[in-house]
Structures are given as C-alpha cells and as structure tokens.
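Here is the structure we will look at.
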Amino acid sequence: MIGERLSFQIGLILPSVLVLLLFQVVPIFIGTDASFRRWSLYDPDKTWVGLEHYRYVLSDTNFLFTVLPNTFLLIVASVGLSLALGMAVALLLHRGIAAQRLVQTVVLLPLMIGPVIASTMMRWTFNDQFGVVNAFLGWLGLGQPAWLADRWYAFGVIVFTDVWIWTPWFALLLLAGLKSLPKEPFEAAALDAAGRWRIFTHITVPMLRPVIGVCVVIRAIDCFRTFDQVWLLTGGGPARSTEVFSIYVFMEAFQNLNFARGSAAAVIGTLIIMVAGLALYALINRFMDVSR
Amino acid sequence: MSLASSGSSLPRRTGLFDMLRPGARAAFMTLAVSAVLLLFLAPIIILVVTSLRPGWGVYYIYRGTEFTLANYVEVFQRGVVIEAFFNSFLVATAATVLSLGVTVTSGYMLSRFKGWLPKTWFTSIYVFRTVPYISWVLPLYVVNESLGLYDTFFGILAAHVAVHVCFFSWIMKGFFDGIDPSMEYAAMIDGCTRWGAFRRVALPAAGPAIAALGILSWLWTWNEFLFALILTGNRTPLLTVTMAQFVTELGTEWNLMSAMAVMAMIPAVIITLFAQKYVIQGLRI
C-alpha cells in the first residue's frame, strides 16, 4: 500500500508525467531506435545498421567544421552581446530616466513579437537591393554588402537578430536583480569616493553574479537549439555555410529525406548539449561560490 | 576601517562620465536613451511602413508618400490567412489552458514536498528541458504520421503542451515557494483534505502569477514556428508558417508579408501595452 501522502504527490504530478512520457520520452526512444536502422521506402524491414549513421555524421566535414563551430559561435556571440547590451539597458532603466515607461515598453517589444516576425523584418531590413540598411550605407557613401549572400555577413545578421530578440530578456532579469540589491554597499562606496566604473566592477557585478550566472546558463542552453532565426534569415545558406545544429537535423531529415541520419545527428546534438550544459552549470556554480 | 577614513582629503576617482558637466551628462543620457529606442523600434517601424506601401512602392519605402491599406485587404482575401489566424488562436488558447492545468499541480508538488519523488521529478524536468526541440519533435512527426495525427489540431496541440511541462513546472514551483504554506495547514486542521487545501487556499493565492504565465504561454504558442513547420501542413495552416510562405517565383511579396506580420504582431503589442506588469512578473525565473 502506498501512503496517503505519497498518493497525493503522485496524483499531483501524474498529468505532467504522462504528457512528458507520451510526447517527449516515447518519441526520443523511437528516434534513438531509428538512428540505428536503415529508414527508407525501399527497405520496409528497417534493417538494423548499428552505428552507420553515427559514423556518417561524425565524419561529415560539414557537421564537424561548419555546423558545430557555427552553433557554438552563435552561443558565445549572442549570449555575450545580449548580456552586455542587456546590462547597459538595465543600468539605464535602474538610474531612473525620463520616459522610463516608454523605454521599458519599447525594450519589451522584441521579446514579445517573437523570432519569426523579428527574423522576417530583419531579412527585409538587410535586403541587399532594397533594404533600409543598405540604403543608409549608400547615403553615407559606404559599401553595400549583399548581407545574406556572404557567410560571415549572414552570420552577423543572424547574431544581430538574436541579440535584438534576447537583449530585453537579459535587461528585464538584470533590472529585477538590480532592484533587489541592498543599498548599503553602494552608500559605503559613495562615501569612499569610488568612481562609477569601480562601483560597477567591484560591487554591482559581484553582487549580481548569481543572476548573471543563471541567465547565462539558461540562455546558452536554449541558444543551442536555435532554429527559427537561421531558417528564416538564410535557410542555412549560402551553400549550407550558416547551418546550426537544429537546421542540420532538419535538412538531413526533410531535405535529404533521411530520417534515420537526422535522428542520429539529433542524438549526437542532445548528448553534446547535455554534457555542455552540465559542465556550464558546474562552472557557473563554482564561479559563484568563489565570488561569495 | 575604510569607512572611518573617508574624508574630503581623499581624491575622488573619476571616470569620463564624471568629468562631463551636468548639461553634457544630460545630453549623454538623452543620446543613450535615443539609441536604445532607435535600436529596438526601427525594425518594427520599417515593417509597419512597408505594410502600408503599395506593391510597386515597396522597394523604396523611404521614398514616396503613397500609402494604402490595400495590402491588408489583399492578405485577407486569401482564405488560408484567415484560417491560419483562426487556427493559431485556437491552438494558443487551448495549449495555454491545458499546459497551465497540467503543470500547476506539478509545480505545487515540487514546492511543498521533499523526498525522493520530488527530487527525481525535478531532475527529470531539468534534464528534459535541455533536450533540443528538434530531437523530440522530429520523431514525434513520425509518430503522428503513423497515428494519423500529422497535420491535425490535436497533433500540434500535444507538442505545445509537452514543451511547456518542464519549464512551467519549474516556474510554478517558484510561484508556490513564494506563498506561505501555513494557511494550507490551517485549512487542513479545519477539516480540509489535501486536495481541498490546494484548491481552496494555494490555488487562489497563486492566481495572479499563474495568469501572468498564461499570458506569456499564449504568446509563445502564437509565435511558435518549428513545431508548426514540422507537424502541420495544408490542412491545419498556422500563421507563422503561412507568413513565411509569401515567397513566389518572382520573389518575396514583401508588402503582403509585412501586412501579415503586422497583424500577427497585434496581440504582442496589446499585451505589452496593457499587461506589462503581468509580463514582467511572468518572466521571473
């Protein structure tokens, strides 16, 4: 017999557990199973082929030298820049500026309108012939690059779009963090006649470290699965040079119509981000302990 | 101590900002604020202006003064657009109600109990939140296909509820952590069952926070793209995928695409303007 207390606990989580099992855990098992088989129309038996697909993906130069570096570069660039910019916006809002509510509303907008609309507008803004960015550059007499036709320009636009979307998230969470800090250390520093920059680096940042750490870990893990921005801005092009992990899986499964190979890539990516996520979490935890 | 020695004799370490005169400081702040406003507002303004330009004027949106609402009319004349808005509205609403309903008890359990079961559940949530969406949506596509759920309302709804289970349970735990459980104990002493204490005491107290999360959940589902791209087709058009399809052999119909994007943006703008307090509360982690 299970106790009344335990049965209450089970009852509380049962709906969530069922949904998670049916629509995430079972598909993950099916996908993992498929990654060891030949999955095509002319092979109805779905013959077991062992690690063949894994061998393919792990020896695919595109996956190793374009997709994975792109994915991690996007994480570093996007998280780093949105954190820096988000901190600047948070400090600005924390100072108490004129038109505070207007600024807060505008800053919130990118997060609310979502990546699909954001990427659509960025693709138009950075259009090589008719985009506003190139019109402005032309007016300044500068060069007008074909933004989405060159690997690094296109990657830059992807990073810019991601930073545009996620800076508000960092700004809001850091602002909440700033508001919850005690005032005394700042008053003491002011009495000690410390400069603004020193106050920022010696008091604000160390005290905000837990918030910064949590934000960075969450955002870095989520950034690994980025799909919408890249798909809508470049589709992984030109010539598959801006593909990231999720796009690679999608292309293998739906463009090359090789579901099993796509699944193998998906399993590899999942393992990578789990290890990376755990390492990141441990690192940040340690980092925060040291600072305390 | 350093506090005691702080006198006017100490030179004040000054940065560039402090060397500026008050007037210049104000100018600097105005400039910074304007830069932030421009950065976050300009792409949206460009989109709105594009949606108001006639088809032939769209390529030089910064020239010419012809404005028209014809794009909006034309977009709505396409049956699929109306259908897509309707479907997205339905999916977003149903997914929000269901995922809140499923996770509110799970978050309560995580917050109020200690032991092996909550610990195991919390770890599972943590692990499954890390799994990239494509890694389970890709096989889910095969599952849906074989069950005849591909391109159906239920198929896409299930994915949306599933994706929220981990994250929402975690957030809801935070909500309940902020509520003092002593009222629930009091209710149980007065004869309430555990379920009664949850339903009559804890649930109403967490109400505002749950509403805040609900608003965000609705918007996230409304804006979602990957699930819609993989799990739906022509029978169940959703707005994000329909919007991405304004591409013809002649190129992208930017004026129509923008008109649809502006309309898809309306809920987000309304929520940002009128429910900002809730949004900020719901975004806490």
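Rule-based calculations on the coordinates, nothing more; no lab input. Bear in mind that the values here come from a model prediction, so they are computed numbers and not experimental data. So basically every Cβ, Gly included, is an ideal-geometry build from the backbone, and we count neighbours across all protein chains shown.
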Given the options B:ARG200, B:ARG129, B:ARG25, which has the most mean-square fluctuation in a GNM of chain B, springs set between C-alpha atoms less than 10 angstrom apart? B:ARG25
Return the sequence-ordered ³J(HN,Hα) values of segment A:141-156 in whole Hz as given by the Karplus equation 6.51 cos²θ - 1.76 cosθ + 1.60 applied to θ = phi - 60°, using x for Gly and Pro. x, 9, x, 10, x, 7, 3, 8, 9, 10, 3, 6, 4, 4, 5, x
From the Cα gyration tensor of chain B, with a ≥ b ≥ c the square roots of its eigenvalues, which class applies: rounded if a/c is under 1.5, or else prolate if a/b is larger than b/c, or else oblate? oblate
If the viscosity is 0.692 mPa s and the temperature 37 °C, what translational diffusion coefficient in µm²/s does Stokes-Einstein give for the protein assembly as shown when Rh comes from Kirkwood over Cα pairs? 126 µm²/s
Sequence-distant or interchain residues sharing an amide H contact under 5 Å with B:ARG284, placed H: which? none
Ordered by residue, what ³J(HN,Hα) values in Hz, to whole numbers, does segment A:193-200 give under the Karplus form 6.51 cos²θ - 1.76 cosθ + 1.60, where θ = phi - 60° and Gly and Pro are x? 6, 7, x, 4, 5, 5, 4, 5
Centre separation in Å (Cα based) which lies between segment B:133-147 and segment B:28-51: 40 Å
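Using alpha-carbon pairs under 8 Å, 6+ residues apart, how would you state the relative contact order of segment B:93-213 in percent?
Working: 84 pairs, mean separation 46.5, N = 121.
Value for segment B:93-213: 38 percent.
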Pairwise centroid distance, computed over Cα atoms, of segment A:1-72 with segment A:217-292, Å: 15 Å
Taking a cut-off of 17 Å between Cα atoms, list the lysines near A:LYS179, but don't count ones fewer than 8 places away on the same chain. B:LYS277
In deg cm²/dmol, rounded to 500, what helix-only [θ] at 222 nm does chain A give when every DSSP H run of at least 4 residues adds -39500 (n - 2.57) and the total is split over its residues? -22500 deg cm²/dmol
Let's see if you can work this out: charge +1 on each Lys and Arg Cβ, -1 on each Asp and Glu Cβ, no other charges. What is the dipole magnitude of segment B:78-282 about its Cα centre, in debye to the nearest 20? 660 debye
Relative contact order of chain B (C-alpha contacts under 8 Å, at least 6 apart) in percent is 28 percent
Angle between the Cα long axis of helix A:4-20 and the longest principal axis of chain A, 0 to 90 degrees, nearest 10? 70 degrees
Please list the non-local residues whose amide H lies under 5 Å from the amide H of A:ARG37, H modeled 1.01 Å from N, same-chain partners needing a gap of 5 or more. A:VAL49
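Give me A:CYS215, B:CYS192 sorted ascending by neighbouring Cβ count inside 10 Å, so fewest comes first. Could the numbers behind the result be given before it?
Working: A:CYS215 22, B:CYS192 17.
Lowest count first: B:CYS192, A:CYS215.
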Calculate the mean, over all residues of peptide B:41-50, of how many other protein chain Cβ atoms lie within 10 angstrom of the residue's Cβ. 5
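Among residues other than A:ALA34 whose Cβ falls under 10 Å from its Cβ, what is the net charge (Lys/Arg +1, Asp/Glu -1)? Numbers along the way, then the final one.
On the way: positive: A:ARG37, A:ARG38, A:LYS46, A:ARG261; negative: A:ASP33.
The answer is +3.
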³J(HN,Hα) computed for each position of segment A:176-191 - Karplus, 6.51 cos²θ - 1.76 cosθ + 1.60, integer Hz, glycine/proline x: 4, x, 4, 5, 8, 6, x, 7, 4, x, 5, 5, 4, 5, 5, 5
Label point 7 Å beyond Cα of A:LYS179 along Cβ direction - residues of segment B:196-229 with amide nitrogen under 18 Å: B:208-213, B:216
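Do any chymotrypsin sites (Phe, Trp or Tyr not before Pro) in segment B:178-285 lie in a DSSP loop with no more than 14 other beta carbon atoms within 10 Å, and if so, which?
On the way: sites: B:TYR185, B:TRP195, B:PHE198, B:TRP218, B:TRP220, B:TRP222, B:PHE225, B:PHE227, B:PHE246, B:TRP254, B:PHE274, B:TYR278; in loops: B:PHE225, B:PHE246.
Nothing satisfies the criteria.
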Over the alpha carbons of chain A, what is the largest minus smallest coordinate on each principal axis, giving the biggest first in Å? 77, 75, 32
